[in-house]
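The values are calculated or read from the model by the stated rules, or taken from the named source; none is laboratory data. No experiment lies behind these values; they were computed from the predicted model shown. Here the Cβ is made from the backbone with ideal geometry for all residues, glycine too, and neighbour counts use every protein chain on show.
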Amino acid sequence: MAARNKYDAIVIGGGHNGLVNGAYLAKAGLSTLILERRHLVGGAAITEELHPGFSFTTFSYALSLLRPEIIHELELTKHGFMPLLMPTTFAPMENGDYLMFGQDKNENHHEIARHSRRDADAYDAFGHMMEQAVHGIRPLMDSIPPDITSKDPEERARLAAIGSYLADLPPKVLHSLVRLLTGSAADILEDYFESDILQGLLASSGIIGTKVGPRSQGSGLVLLYHSFGEHDGAYGAWAFHKGGNGGFTQVLASAAQALGAEIRLEAPVDHVVTRNGKATGVVLEDGSEIEARTVVSAVDPRRTFLQLLDPRELPADLVEDIQRFRFQGTSAKVNFALDANPTYPALPGRSDMYRGFINIGPSLDYLERAFDDAKYGWYSQRPYIDSCIQSNIDPDMAPPGKAVMSNFIQYAPYHLRESDWDTERERLGDVVQARLEEVFPGFGDLVLHREVVTPLDIERVVGLTEGNIFAGEFLAPQMFFFRPAPGWNQYRTPIDGYYQCGSGTHPGGCVMGAPGRFASQQILGDLAKRR
Amino acid sequence: MIRETPFHPRTAVANQTGLWSHWSGYLAADRYQMSDKFEYFAIRNSAGVIDTSPLYKYRIHGADAERFLSGVLIRDIRKCRPGQAHYTAWCNHDGWVMEDGVIFRHTEDEFLLTAAEPNQAYLEDLRGPMRVIIEDVSDEYGALALQGPYAREVLSKLAPEMETIGYFHLTPAKIGRVPVTISRTGYTGDLGYEIWVERDDALEIWDRLFETAAPYGVIPAGQTALLITRIEAGLILIDVDFYSARYSWNDDQRATPLELNMGWMLRDLESDDRAFIGRRAIEREKAEGTSRWRTVGIMADWEDWDRAYNARGLVPPKDHTPEHGGMMIYDEKVRQIGWTPSFVYSPVLQHHIGIARIRPDHAKVGTKVGLEVTIDHRYEMVGSVVTRLPFYNPPRKTA
Ligand SMILES: Cc1cc2nc3c(=O)[nH]c(=O)nc-3n(C[C@H](O)[C@H](O)[C@H](O)COP(=O)(O)OP(=O)(O)OC[C@H]3O[C@@H](n4cnc5c(N)ncnc54)[C@H](O)[C@@H]3O)c2cc1C
């Protein structure tokens, strides 16, 4: 049977945003085709059995920012949606001690007090400040931003509404927001805390995925962004999805299909076909053409505008903005299949502290020094490691008694000064493994399999330009009104019927789904107007 | 003095919170770890082990045991073959439910009945001339429920006959040298088993079980986790969702099997000639349609829930701690049409759900109702919908 070649809508890219977008379009009754280049959907959110019995979260590994509306509107629980909340956070220290958080507020208080009594109290104040900041900015993040370049009275009115919304926030909340959005994570954390370990642990969220150190301006924004998630009404809570983040994208794919979307794998799109400034379909790399009046790009802005289209069809300003849009990936992964849980000498025989994040970034100085390497074009020799052993709460991940360990690494800049990633790949693995050996003596003996994922691999495999995990840096000039470019922050493009819905659009990266959902609202709104 | 179950030496060590409740005069861990949600997810994602020893247990045996029970229990015990179990209930003569429980049929003439309340005198008084012995063996056995998707895999390593045992079946087995009875039953609505072991062997079973199960992430689960799962499973609880007719003060407190969603137990009433206690009243209720209530599920509309809290500047709470209260339910004209005695935020469904008692004319699945919640000491109505029970019913439960 010949493959069907005409649809109402085509989504390019089966990452989680493409799946979310396609699911909503199908739900609205459009015949929808999702085209994925690889043999599996999920993009940066996949789970792969790289060693028999061991499920690796090759790239993305934890869930928090997913918008709750999506869970309900796409009925994800019917398809197996299951976030497993992390009961612990563990932060080893250089001196062999540690900071361990559990679920009990007062127990955590005593644990912090071991390191600083002052911090134990300040922790609650900091938490409240962050929650209020998140609550304050949420309505802006959870809606499509106005087009700041537009003269349309409606857009102007929405812009003014944001002004009054902010003016109505309690002054303290507004001030916290400004500090977070413009300042460094270190400045804010040093206001509250004195202990290195707590500063280091909290600052880590301010550098994830971004080429900033904790003392760089802009790390506050990244910190805020990572607190923006929610599970079961708790802001900033993180979970593992059952079966890893790939388990989550399988749930999404199943929901999308149940709603009528068709998913075609190993179907790389070569370019978008346009006629008289209108999208009419796509041509696959094998030369076959599929028609649709709505085409949605779920890949990053560089590809959306400069690769899938002929840039000559676009306004020069936009082309310039996209060329300037900063990717500069700085993150890597080193994942392991382990024969058993590693041993932490201060807690011999225990593994209950390995049920959530294991944060190897014991102080601001440690993180900043790791960043120093990256500033000068090299990877950190004592890297920041965000480690997880999901198998401790999800038996689907590894054979009984064994462990699968994901390690998110910073910094590993895409552009290396004196070498290239094909040369450095295993050396990066060695650096990370050596660091883990320091923290968990005997670690090397447990290793059954090692997977090193460099920024170059992220780019090659997932298609994220320069390996930037968020499809574009979280820098203030690349957010909100400006993501991915002024005037084009509302999911449309200069080509009629051609839309964007990847992480390079508002609000941004992470397994969040908001870009895919907002884009579908925009598309369906435009279609309704056209009728 | 409060008593300890046969597993207490182990549960006491495992319980890091120091929180216990009193269950039938025994200590039962509320939660073992600081995060009870983690125990809950063990049940839904790996498996959890619940010490259910405090249940009352009656060995009922003798040549007339079947005849005796068929006159007491509302479900036809003759259809429960040796090696099978029945979830059932017993009523008083007016057809009000006294209690519910599970009865296990070990052989033709030997049964074990579990109950939440003492029943020795009640059962003995019904014996008449029948050749049946009723023994309270509550203290003689410990019971561990192993519940969750990995329960079968784990248990088959200890007792290979578990591979094939069907839903609501039981079998004698050996774990190591210890004789046990294993039934495929539970109170979580998941794939699960209960292991019945003589008191003195209890610790050995605990140790053996965890030796095998721990590498799968199996952990002890406390009462809170159990109570979340039972609401998701739509399983009612005495003194919460209904009261024993024996100790009720008025008929408002009492309920009939039909009102408690137990109608399916009486499906074959026409073709069975048993004279069981309450039968006449139940038949009358059936024929005349005089049931006052239906027991159904109710699910709060998530958007409306969030709206109600957001309007007050609050983060909408999503609390998985079961609320055993009685939030009122209204129709569109704000007339009270029922209440929800058990309410919880279900993590696996991501919705607020409740087991509800609703007037029959509003109990159709899909009916829109209003649920009264209290926000900052003010009443708010949250849109909700009548749903089928159970809320959560994975195929593995019976597969
Ligand atoms: C190493 C790493 C770790 C991360 N960790 C986390 C984390 O723990 N938690 C979190 O929330 N976020 C994390 N992130 C970020 C998050 O995973 C991404 O922001 C998100 O998954 C991006 O989703 P997307 O759908 O926008 O794009 P992608 O996932 O990039 O999907 C794009 C898809 O398009 C396909 N494609 C590309 N070109 C074509 C073409 N021409 N034709 C057809 N298909 C094409 C690709 O194969 C891919 O499947 C991480 C990212 C990385 C890389």
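For the reader, a short list of remarks on this structure follows.
- Inspection of the stretch A:427-446 identifies at least one residue that is more than 10 Å from the ligand (Cβ to nearest atom), more than 27 Å from residue A:507 (Cβ to Cβ) and either in contact with a Leu (Cβ under 7 Å, 6 or more places away or on another chain) or at pLDDT below 95 (or both).
- Complete set of residues in the stretch A:53-90 that are in contact with a Ser or Thr (Cβ under 8 Å, 6 or more places away or on another chain), within 16 Å of the ligand (Cβ to nearest atom) and part of a helix (DSSP H, G or I): A:71
- All positions within the stretch B:274-291 that are surrounded by 13 or more Cβ atoms within 10 Å (Cβ to Cβ) and of a type in the set (Gly, Ala, Ser): B:278, B:281, B:291
- Within the stretch B:313-337, considering residues that are in a loop (DSSP other than H, G, I, E, B) and among the acidic types (Asp, Glu), the one farthest from the other protein chains (Cβ to nearest Cβ): B:331
- Yes/no for residue B:234 being touching a Pro at 6+ places or on another chain (Cβ under 8 Å), without any contact (Cβ under 8 Å) to a residue 12 or more places away in the chain and not assigned by TED's automatic domain parsing to the domain that holds residue B:351: no
- Matching option when the condition is more than 13 Å from chain B (Cβ to nearest Cβ), away from the ligand (no atom under 13 Å from the Cβ) and assigned to a helix (DSSP H, G or I), among A:252, A:221: A:221
- In this structure, residue A:43 does satisfy being under 27 Å from residue A:518 (Cβ atoms), away from chain B (no Cβ under 14 Å) and either surrounded by fewer than 19 Cβ atoms within 10 Å (Cβ to Cβ) or within 15 Å of the ligand (Cβ to nearest atom) (or both).
- Taken together, the residues in the stretch B:34-73 that are within 14 Å of chain A (Cβ to nearest Cβ) and either touching a Cys at 6+ places or on another chain (Cβ under 9 Å) or assigned to a strand (DSSP E or B) (or both) amount to 1.
- Hey, residue A:35 of a type in the set (A, V, I, L, M) and either in contact with an Asp or Glu (Cβ under 6 Å, 6 or more places away or on another chain) or within 11 Å of the ligand (Cβ to nearest atom) (or both) or not: yes
- Qualifying residue in the stretch A:425-434 (condition: within 14 Å of chain B (Cβ to nearest Cβ) and surrounded by 21 or more Cβ atoms within 10 Å (Cβ to Cβ)): no
- Hits in the stretch A:76-101 (condition: free of Cβ contacts under 8 Å to residues at least 60 places away in the same chain and within 9 Å of chain B (Cβ to nearest Cβ)): A:77
- Any chance residue A:282 is surrounded by 23 or more Cβ atoms within 10 Å (Cβ to Cβ), within 13 Å of the ligand (Cβ to nearest atom) and β-branched (Val, Ile, Thr): yes
- If you go through the stretch A:301-312 and keep only what is more than 7 Å from the ligand (Cβ to nearest atom) and either part of a loop (DSSP other than H, G, I, E, B) or buried (at least 24 other Cβ atoms within 10 Å of the Cβ) (or both), you end up with A:301, A:304, A:305, A:309, A:310.
- Between A:516, A:508, A:502, A:472, the distinction of being of a type in the set (Gly, Ala, Ser), crowded, with 24+ Cβ neighbours inside 10 Å, in a helix (DSSP H, G or I) and within 14 Å of the ligand (Cβ to nearest atom) belongs to A:516 only.
- Within the stretch A:317-335, the presence of a residue that is within 14 Å of another protein chain (Cβ to nearest Cβ) and either farther than 23 Å from residue A:442 by Cα or of a type outside the set (A, V, I, L, M) (or both) is excluded.
- Residue tally, condition buried (at least 23 other Cβ atoms within 10 Å of the Cβ), within 11 Å of the ligand (Cβ to nearest atom) and within 15 Å of residue A:35 (Cβ to Cβ), over the stretch A:285-300: 3
- Residue list for the stretch B:22-33, restricted to those being within 14 Å of residue B:227 (Cα to Cα) and either polar (S, T, N, Q) or more than 14 Å from chain A (Cβ to nearest Cβ) (or both): B:23, B:28, B:29
- Pairing residues of the stretch B:363-374 that are in contact (Cβ under 8 Å) with a residue 40 or more places away in the chain with residues that are part of a loop (DSSP other than H, G, I, E, B) and hydrophobic (A, V, I, L, M, F, W, C), at Cβ distances under 9 Å and at least 6 apart in sequence or on separate chains, gives B:363/B:293; B:370/B:334.
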